[in-house]
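The block underneath contains the structure these notes are about, expressed in structure tokens.
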Amino acid sequence: MKLTFSTVAMLATLTGVAHAQAPASAFTPEQQARIGQIAGDYLLAHPEILVQVSQKLQVQQQQRAQTAMAARVMDNQAALLSDPSTPSVGPKAARVAVIEFFDYQCVFCSRLAPELEKVMQGHHEVRYVFKDWPIFASRWPASHDAAVRGLNIWKTKGPADYMAFHNGIYRTGHDEGALTPADIDAVTRTVMKGTPLASGTDSDSVLEANNQLAQKLGLTGTPGLIVMPVDNPTPGTITVLPGAVPVAQIEAAIRRAGGKATKS
């Protein structure tokens, strides 16, 4: 393994090996080459250091990605929190909001649904915002159809019945193309109890707005959870959680957004 002096310095910095570094100009080219050889031999004998460096780099990359995402969240705060066409549950005066971008045919959204339901049961003080993002609609039409139905139920009957539909769809266990029109109709009948759906709802424009917003935020798939303060968010109080995350991780983000120290 042949390492340059600058690479050795970077490894030392990342692993905390060196407290101070001499400038490269303080060493002759021959000395720098020898330092690189010594470091290479050492790393061959201690490969765990490379693992530590890789882990530290990964943490730094994740931190940079979170900071960049938080900046985009702040730029799009109104669209995330104040869109009247977006289903939301919880007090209007809530200090913290949890926003989910989801697809009814996403298997990971299906896994997240019961976790988020537990969070909602334990944190009634939080506002929960649901952004339908049917990214699988071109492959599985039920992805789009369920999203439209949910938006119509939201307009017709409000938060409680919307959540009954939302969770009811996931409780079918039919994801990744398994959801059928019959499933959607069955859940709808259970929720609506004979009440006709509102007409004239331009659901497709809502879905397109959600799609554009997700792209502005830099989301790459579903589910995408954003936990943030409703007022005066900062990069340090915003958390973006991609994928199906456990209850504890969501609750830690809620505490952070609320200005409370998270548990280690």
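The values are calculated or read from the model by the stated rules, or taken from the named source; none is laboratory data. The structure displayed is predicted, hence computed values, not measured ones. FYI the Cβ positions are ideal-geometry reconstructions off the backbone, even for glycines, and counts take in every protein chain you see. Only protein heavy atoms, including side chains, enter the accessible area calculation; ligands, DNA and RNA are left aside. Shrake-Rupley method; radii C 1.70, N 1.55, O 1.52, S 1.80 Å.
Within region 232-252, being in contact (Cβ under 8 Å) with a residue 60 or more places away in the chain, open to solvent by less than 20 Å² (accessible area, probe 1.4 Å) and not in a loop (DSSP other than H, G, I, E, B) holds for Thr239, Val240, Ile250. Within region 206-231, which residues are in contact (Cβ under 8 Å) with a residue 60 or more places away in the chain and out of contact with any Lys or Arg (no Cβ under 8 Å at 6 or more places or on another chain)? Answer for region 206-231, where residues must be in contact (Cβ under 8 Å) with a residue 60 or more places away in the chain and out of contact with any Lys or Arg (no Cβ under 8 Å at 6 or more places or on another chain): Val206, Leu207, Ala209, Asn211, Leu219, Gly221, Thr222, Pro223, Gly224, Leu225, Ile226, Met228. In the set Gly168, Gly173, Gly177, only one residue is of a type outside the set (A, V, I, L, M, F, W, C), within 21 Å of Pro141 (Cβ to Cβ) and open to solvent by less than 20 Å² (accessible area, probe 1.4 Å); that residue is Gly168. Scanning region 205-220 for residues that are assigned to a helix (DSSP H, G or I) and surrounded by 14 or more Cβ atoms within 10 Å (Cβ to Cβ) yields a total of 8.
Scanning region 41-55 for residues that are over 39 Å from the mean Cα position of the chain (by Cα) and not aliphatic (A, V, I, L, M) gives Asp41, Tyr42.
If only residues of region 187-204 that are loosely packed, with under 13 Cβ neighbours inside 10 Å and part of a helix (DSSP H, G or I) are counted, the one that is nearest to the chain's Cα centre (by Cα) is Asp204.
Within region 221-230, is even one residue over 15 Å from the mean Cα position of the chain (by Cα), more than 19 Å from Ser110 (Cα to Cα), at pLDDT 95 or above and part of a loop (DSSP other than H, G, I, E, B)? The answer is yes; a qualifying residue exists. Close contacts from region 44-66, counting a first residue that is at pLDDT below 70 and a second that is surrounded by 13 or more Cβ atoms within 10 Å (Cβ to Cβ), with Cβ to Cβ under 7 Å and a gap of 6+ residues or different chains, come to Leu57/Leu14; Gln66/Val240.
Filter region 65-103 for residues that are open to solvent by 50 Å² or more (accessible area, probe 1.4 Å), part of a helix (DSSP H, G or I) and of a type in the set (Gly, Ala, Ser) and give the result. Within region 65-103, Ala65, Ala78 meet the criteria.
Residue under question is Leu151, and the condition is that it be modelled with pLDDT of 95 or more and closer than 21 Å to Thr86 by Cβ; does it hold?
On the way: modelled with pLDDT of 95 or more: yes; closer than 21 Å to Thr86 by Cβ: yes.
The answer is yes for Leu151.
Of Tyr128, Tyr162, all but one fail to be crowded, with 18+ Cβ neighbours inside 10 Å, modelled with pLDDT of 95 or more and outside any helix (DSSP H, G or I); the exception is Tyr128.
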